[in-house]
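Below you'll find the structure, written out as structure tokens, and then a few comments.
The values are calculated or read from the model by the stated rules, or taken from the named source; none is laboratory data. Computed from a predicted structure; not experimentally measured. We place every Cβ from the backbone using ideal geometry, glycine too, and count neighbours over all the protein chains shown. Surface areas here come from the heavy atoms of the whole protein model, side chains and all, with no ligands, DNA or RNA. Shrake-Rupley method; radii C 1.70, N 1.55, O 1.52, S 1.80 Å.
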Amino acid sequence: MFEELDDYRKKVRDFGLSEFTEDLIDRYDKTEEYPDDIRLKALKSGLIDMSNPAKILISIEELCRIDAGLGIAATIPYFGGEVIMLYGNEKQKRILNDVYSGKYILGLGVTEPSGGSDVAGLKTTAKKIGDKYVINGSKMFISNGGIADYIVLLARTSDEENKHHGLTTFLINTKSPGFEANKLHGKLGVRATNTAELKFNNLEVSVDDVIGEVGQGFYYIMTFFNISRIYVAAQALGIARGALDKILEFVKNNNIKDEYTMFKVSDVSTRIEASRQLTYNAASYLFKFDPKPALTSMAKVYAGETAVYASELAMELTKNDHKTQRFFRNAKIMEIWEGTSEIEKLIISRQILKGGN
């Protein structure tokens, strides 16, 4: 599947090397602005083909190999679209088509200030009053939160003994009265992406804005995470490969041949290859509509840890060169978003213990 896309991979890398100049990378890392021109250029160049998930995975990997800030900024405006694609109504799918064409930007509102990993414990409420839902609450660390035109939102619509029940997904127009987004500043890494706190103060939506069935939102979001974790693994794989590029460049330019460094180069290269095999194997099942949750989590957690390991070595060898520092700063989020490494390991163990894969 992926070998057939070698020409496409080269096209993506050529685009990234041409457009992601060091001056541009530095600029957006320092200003923390969102590079909308990069988003539109990537779309116009044919690098964002949401009808082909294998191409999206390659685009993410190759662009993050050059710079994760710009790479993720170019590929994340469609975040949450799979929820609409799988469960949305016709009106919502028309909006999704406009997202895919570049007219709108989409975001996903799940994480809350009181706890990111406990999805079922969220406190944002959507109370039905007549033919409307009134939404109150807040979300934190929301990608695209300050620039999105629409947000796929998870909120509690009823109190159930089983807290996984009673959650519902909505498609929220961010121009609606009662919506507020506050951009977060001073992030450790991926600073070119937009991250925000969202607040909902008596925001009203219609019953037509419900995505799928009322009360099924938790399960929709878990299905989405099983998809999105593959793309995070690709982000991490790209960062790890980019860090290795820096390591190899430094070692060759300085004619370094000591045993310690050779062992470290070997370790990083081996971990990257293992991450690649895990990521692409998990993706092959997902793209055949037969996801393996344990394998998906293995790919995400191992690739994330490999990105950190590779970037730490790059910093060590280059004496904290600012370029390798940036790789490290970008790598750390890979162990956190879309499920922390600890959460991923719990998923893996539970799946294995019940005989799943």
Leaving out same-chain residues fewer than 8 places away, which aspartates and glutamates sit with a Cα under 18 Å from that of K10? E19, D49, E61, E62, D67, D245
In Hz, Karplus ³J(HN,Hα) per residue of the stretch 240-245 (6.51, -1.76, 1.60; θ = phi - 60°; x = Gly, Pro): 4, 5, x, 5, 5, 4
Rounded to the nearest 5, what is the percent of antiparallel bridges among the DSSP beta bridges in the chain? 80 percent
Please give me the summed charge of the neighbours of N320: other residues whose Cβ is under 15 Å from its Cβ, Lys and Arg +1, Asp and Glu -1. +2
Can you pull out the trypsin sites (Lys or Arg not before Pro) in the stretch 207-293 that DSSP calls coil and that have at most 14 other Cβ atoms within 10 Å? K257, K288
K292 long-range amide H proximity, modeled H, under 5 Å: L286
What's the tally of Lys pairs in the stretch 258-356 whose alpha-carbon atoms lie under 26 angstrom apart, where the two lysines are 8 or more places apart or on different chains? 20
If the cut-off is 14 Å between C-alpha atoms, which aspartates and glutamates fall inside it for K103, apart from same-chain ones fewer than 8 positions away? D36, D37, D149
Averaged per residue, the 1.4 Å probe accessible area of the chain, protein heavy atoms only, in Å², is roughly 44 Å²
Under 5 Å between amide hydrogens, which residues at least 5 positions from G145 or on another chain qualify, with H placed 1.01 Å from N in the peptide plane? A196
Output ³J(HN,Hα) for the stretch 160-168: one whole-Hz value per residue in order, computed from phi by the Karplus curve 6.51 cos²θ - 1.76 cosθ + 1.60 with θ = phi - 60°, and x for Gly and Pro. 10, 4, 8, 5, 6, 8, x, 9, 9
So how tilted is helix 293-318 from the main axis of the chain? Cα-based, degrees 0 to 90, rounded to 10. 40 degrees
Checked against the structure, the computed volume of the Cα convex hull per residue in Å³ among [x] 136; [y] 169; [z] 184 is the one labelled [x]
Can you send over the carbon and sulfur percentage of the accessible area for the stretch 78-206, probe radius 1.4 Å, protein chains only? 48 percent
Inter-part distance where the stretch 215-280 and the stretch 294-310 are each reduced to a Cα centre, Å: 7 Å
Using a Förster distance of 45 Å, the FRET efficiency for H322-S284 (Cβ separation, nearest 0.05): 0.75
Among K91/K128; K30/K123; K139/K175; K127/K163; K55/K93, which pairs are too far apart, with a Cα-Cα distance over 23 Å? K30/K123
How much net charge surrounds H185 when only other residues with a Cβ under 10 Å from its Cβ are counted (Lys, Arg +1; Asp, Glu -1)? +2
Beyond 21 Å, what share of the Cα-Cα pairs of the stretch 69-167 remains, rounded to the nearest whole percent? 40 percent
If I model the stretch 206-329 as equal point scatterers sitting on the Cα atoms and use the Debye formula, what is log10 I(q)/I(0) at q = 0.11, 0.13, 0.18 Å⁻¹? -0.48, -0.60, -0.88
Under Karplus coefficients 6.51, -1.76 and 1.60, residue-wise ³J(HN,Hα) of the stretch 118-123 in Hz, glycine/proline x: 8, 4, 5, x, 5, 10
Could you give the nm distance between label points at K93 and E204, where each point is 7 Å from its Cα heading toward the beta carbon? 3.0 nm
Between the stretch 129-162 and the stretch 5-56, how many Å separate their Cα centres? 30 Å
Within the chain, helix-based [θ] at 222 nm, where runs of 4 or more DSSP H residues each add -39,500 (n - 2.57), nearest 500: -17500 deg cm²/dmol
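Please go through the stretch 155-253 and write out the GluC sites (Glu not before Pro) that DSSP classes as loop and that have at most 15 other C-beta atoms within 10 Å.
Those satisfying the criteria are E160, E161, E213.
What net charge is computed for the residues neighbouring V134, neighbours being all others with C-beta under 10 Å from the C-beta of V134, Lys and Arg scored +1, Asp and Glu -1?
Charge balance in the 10 Å sphere: +2.
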